[in-house]
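Asks: Before I ask anything, let me first share the structure, which is written out below as structure tokens.
The values are calculated or read from the model by the stated rules, or taken from the named source; none is laboratory data. What you see is a predicted model, and the numbers here were worked out from it, not measured in a lab. Cβ placement follows ideal geometry from the backbone for every residue including glycine, while neighbour counts extend to all protein chains displayed.
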């Protein structure tokens, strides 16, 4: 890994840790994690977050992690995705 990649990874990690400090999963959100969508169960996994008491059809938001193999994974965006689900 290059020094630039290492610096980016470190700074982003610090920022994410500060952002998510004290964060708790919303009570009105259900989640199903690590759903396999291809034969490779290691890399092809998705998480679904939805409002707990939803009875009607809702729009879908697809969040794709694009860390360029330098930083993060889908867990980095879990708080944001749960926030969106909590809003319906």
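Asks: What are the residues in segment 64-88 that are assigned to a loop (DSSP other than H, G, I, E, B) and either modelled with pLDDT under 90 or on the phi > 0 side of the Ramachandran plot (or both), if any?
Replies: Correct list: 64, 65, 66, 67, 68, 69, 70, 71, 72, 73, 88.
Asks: For segment 14-33, name all the residues that are out of contact with any helix residue (DSSP H, G or I) (no Cβ under 9 Å at 6 or more places or on another chain) and under 21 Å from residue 68 (Cα atoms).
Replies: Listed by number, the residues that qualify are 14, 15, 17.
Asks: On the given criteria, is residue 33 out of contact with any strand residue (DSSP E or B) (no Cβ under 7 Å at 6 or more places or on another chain) and free of Cβ contacts under 8 Å to residues at least 24 places away in the same chain?
Replies: Working: out of contact with any strand residue (DSSP E or B) (no Cβ under 7 Å at 6 or more places or on another chain): no; free of Cβ contacts under 8 Å to residues at least 24 places away in the same chain: yes.
No, not satisfied.
Asks: Name the pairs whose Cβ atoms lie under 6 Å apart, with the first residue in segment 59-82 and without any contact (Cβ under 8 Å) to a residue 40 or more places away in the chain, the second part of a helix (DSSP H, G or I), and 6 or more positions between them or separate chains?
Replies: Note: pairs meeting the criteria are 61/84; 63/77; 63/81; 65/74.
Asks: Here is a further query. Being at pLDDT 90 or above, closer than 18 Å to residue 86 by Cα, assigned to a loop (DSSP other than H, G, I, E, B) and within 15 Å of the chain's Cα centre (by Cα): is that true of residue 60 here?
Replies: Values: at pLDDT 90 or above: yes; closer than 18 Å to residue 86 by Cα: yes; assigned to a loop (DSSP other than H, G, I, E, B): yes; within 15 Å of the chain's Cα centre (by Cα): yes.
Here the answer is yes, as residue 60 does meet what is asked.
Asks: Which of (1) touching a helix residue (DSSP H, G or I) at 6+ places or on another chain (Cβ under 7 Å); (2) assigned to a loop (DSSP other than H, G, I, E, B) does residue 47 not meet, given it meets every other one?
Replies: (2)
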